[in-house]
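**Q** Please find one structure pasted underneath; my questions will follow.
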Amino acid sequence: QRRVHGERPDDIIFLPSFFMDRHTLLESPTDRPKRGGSRLIGLILLLTVIGCILGTLIVVVQTRNDVNELSQHLRSSGQDSIISGHHLAASAYATPYVPPRKYQYTRGTCWDFATVALIEHQYRLQGIENKYLNPEEYLQLSEQAYGNVILKLCQQYNDVCLTPGDKVALNSTSGGEVHLLYEFRKQFENAVLPVSVCPYIKQKDDSSCPNIDNALETNPLSFTVDAFSSIYDIEHIKAALRQSGHALGFSTPVWSTDHYMPCTDENKEDPRCKAPGACKMCPVHTNYNAKCCVMISSPCYNMEGEFWKNHELLAEGGHAMMLVGYNDQWVHKDGRIGAFIIRNTWEDGVINFGDEFTKETRARGSHSIAYFMNEISEAVERIYCPNSHNPRNWFQCGVEMKDLNKIIEDCHSTVAIHSAEIAVQPLQLQCSDAAYGCKKQAGVYYYAINNTHVYDQLYNMCFLEYDENAAVGKTVCYGPYPLDFFSIFIEPIPSQVKKNSDDICGYYAFPYDIAREARAKFGGFWVNDYHFTFSDESYVRGKKAENKDYSLIGSSTGKQETIPKTVSPFPNPHVTD
C-alpha cells in the first residue's frame, strides 16, 4: 500500500482508547453498580470488543489481498519489488533496452547527448512494443544535427536560451540544457535526424552539418512531446523512473574534492611539500601530526565509475547525463550505500585535454548496468568492462614476499601469466611519464606488488621494476597519491589493454547523499522526464510515408551486444561429467 506523507497508513491498527487506558475500566468498591447492571455492561463491552476485532480482521485481510494483487501485477510486468507490511518498494530498478553509450569527447555537449539519448531510448521502446524493431536493434540519432538546429533557434529566440553559464545563446554548443527540447518542441517534431546525416565532429564548437537542409525535407522521423516535468528529490525521482519505464534526463553540478598530505620529516623532500606557499595549516577534522599539509585535488569521480567526494565539494561546473536506474543496496568503494545508475558520455582510460600550455589529464572508468544492479560478479564484469588502466585492476604478484629473486620469479611465472589472463587483469606495465620518477625506457617493465592506504584516501603503490635487457630488477614505491593517479604515469603495455565494450559499459553510480549535498550546496540538481510519441511512419517496418527517405534510418540502425545470463560468479564455468 502506498504511504502518503501526512496521512495515516491504512494497515496500521489504532486500538480504542479503553485498550490504551486500561485503568479506566477498573471499578473502585464504592462505585461498583449492582450485579445485574454490571453483567449487562460487561456483555455490551464484550460484544463491542468482538465487533472491533472482526472489523479489523476484515480490513487486514482486504489490505493483504490488495497488496498481493499489486505484487502479482508488478511481477507480471517485469518489475522487481519487495512487499513488506504496508510498504511496497522496489529497492533496485533499471530501464530496459538502453542504447549503447556515445562520446562527447572534449566538447561541452553533454546536454546535447543527454537529450538525444532520451529520444533514442523511447524510440527504441516504442519500436519494440509495436514490433517495428527487434529487441537487439536501436537507432542512433545525430547530436551534431540537434546542436545545429538548437543554435539556429537560439539565434531566433535568444531569450529562451539565456541560462546563466550556458553558451548556446552565444552561438556555441559548449553549454546548454536538456529542457530546451521542451521549449522548442514544436520546431523539433520533424527535426531530429539519424546519425548518418551528420556524424558527430570532435573539434570544439564545430556545429556544422552540411546535409541538414536536404535531410529535413525527406526526414521520416516525427514525434510529439506529450508531457514534461522536472523532479528534484530522491524518492520522487526513483518513482518517476519506475512508473515511466524509460530513461530520464539527469543534470547535476560537478566538483573536485580534496585530500591533505601532511609534510613530516619522512616526506619533507617531496617536491609538493617544498613548493613555495604550498604547505598550509592542516584541517582540524583529523590529527595529521604535522605542522602543515599540502592539499591534493581529485575529480568528482573515480576509475570505478563512481561519483564521490572526500571532504568538501569544490564547484567546477555542471554536467548532463541519462538516468537509467537505481540500486538502494549498491555499496560504493568508500562505503556509501545507494546510488542512481547513469549513462555517461565520457571516454574510459587516461584522457589528455588541452594543448601543451593547458594540458590536463583525466583517468576514467565505467561499468555495466548489470554490475551496478548487483546482477553479476566483478570477475564476469571484467570480461566486458575490464577498465585496464584502473590501478585496482592491475594483477598483483610477489605479494608479501621479502626476497627480490622470489618476487621476480613469481611475477614472471606461468601461474601469474595465466591467472592474469583468466582474470582479465594487466600484469606487465610500463612507464608513461618519467616526470614522476619511473623509467620510460624500452625493455623496462613494472609489475604491481601492492597498494597501501597511508592517510586521507592517499595511497603508496609498490612495483617490481624489471629491466629485461640487463635481467635485473628492484622494488620501487611511489606516492602518496589518490589511487587513480598512478594511472597517469604507469600504464599496461598495449597488448594487455582491453577496451571496454561500448554496447555494455559507460555507466556510473551517483550516490544519493552526494546528490542531496550537491543540490543543497550548489543548486542545479534535477531530473527531467519527457514522454514522447513517435508516428508509425518513423520506422522502417512501420507505415511508409510518401517522399521520405528511409535509407538514412537503415544506415543508422545497429544491433547491441548484451551480457548473457550466468549462474556462476566466475566466467566460462565448466560442468564436468
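**Q** Tally Lys/Arg at +1 and Asp/Glu at -1 over every other residue whose Cβ is under 13 Å from the Cβ of E189; what's the total?
**A** 0
**Q** For a protection proxy built on the mean count of beta-carbon atoms within 10 angstrom, sort 207-213, 134-140 highest first, please.
**A** Ranked by mean Cβ neighbours within 10 Å, highest first: 134-140, 207-213.
**Q** Give, as a single signed number, the net charge of other residues whose beta carbon lies under 11 Å from the beta carbon of I563, with Lys and Arg counted +1 and Asp and Glu -1.
**A** -3
**Q** Okay, next question. Need the full-extension length gain, E360 to K559, defined as separation in residues times 0.36 nm minus the C-alpha distance. One decimal, nm.
**A** Here the answer is 68.1 nm.
**Q** Kindly give the semi-axes, whole Å and largest first, of the ellipsoid equivalent to the stretch 192-318, taking each as the square root of 5 times a Cα gyration tensor eigenvalue.
**A** Equivalent ellipsoid of the stretch 192-318: 48, 23, 10 Å, largest first.
**Q** Where Rh is the Kirkwood radius over the Cα pairs of the stretch 148-197, the temperature 10 °C and the viscosity 1.306 mPa s, what D in µm²/s does Stokes-Einstein return?
**A** 141 µm²/s
**Q** Between K186 and V331, what FRET efficiency comes out of the Förster formula 1/(1 + (r/R0)^6) with R0 = 56 Å and r the beta carbon distance, rounded to 0.05?
**A** After rounding to 0.05, the efficiency reads 0.75.
**Q** Please report the net charge: other residues with Cβ closer than 14 Å to the Cβ of I417, K and R +1, D and E -1.
**A** Here the charged neighbours net out to -3.
**Q** At 0.36 nm per residue, and after removing the present C-alpha to C-alpha distance, how many nm does the segment from Q441 to F353 gain when stretched out fully?
**A** Length difference between fully extended and current span is 29.2 nm.
**Q** Extension gain D433-A278, at 0.36 nm per residue separation less the Cα-Cα distance, in nm?
**A** 53.5 nm
**Q** Now a separate question. Using per-residue counts of other Cβ atoms within 10 Å, averaged over each peptide, order 189-195, 253-259, 382-388 from highest down.
**A** Highest-to-lowest ranking by the protection proxy: 382-388, 189-195, 253-259.
**Q** While we're looking at this one, here's another question. Counting each pair of different Cα atoms once, what's the Kirkwood radius of the stretch 323-455 in Å, rounded to one decimal?
**A** By the Kirkwood definition, the hydrodynamic radius is 17.6 Å.
None of the figures in this text is laboratory data; all of them are computed from the coordinates on show. The model shown is predicted, which means the values in this text are computed figures rather than measured ones. Here Cβ is always computed from backbone atoms with ideal geometry, including for glycine, and neighbour counts include all displayed protein chains.
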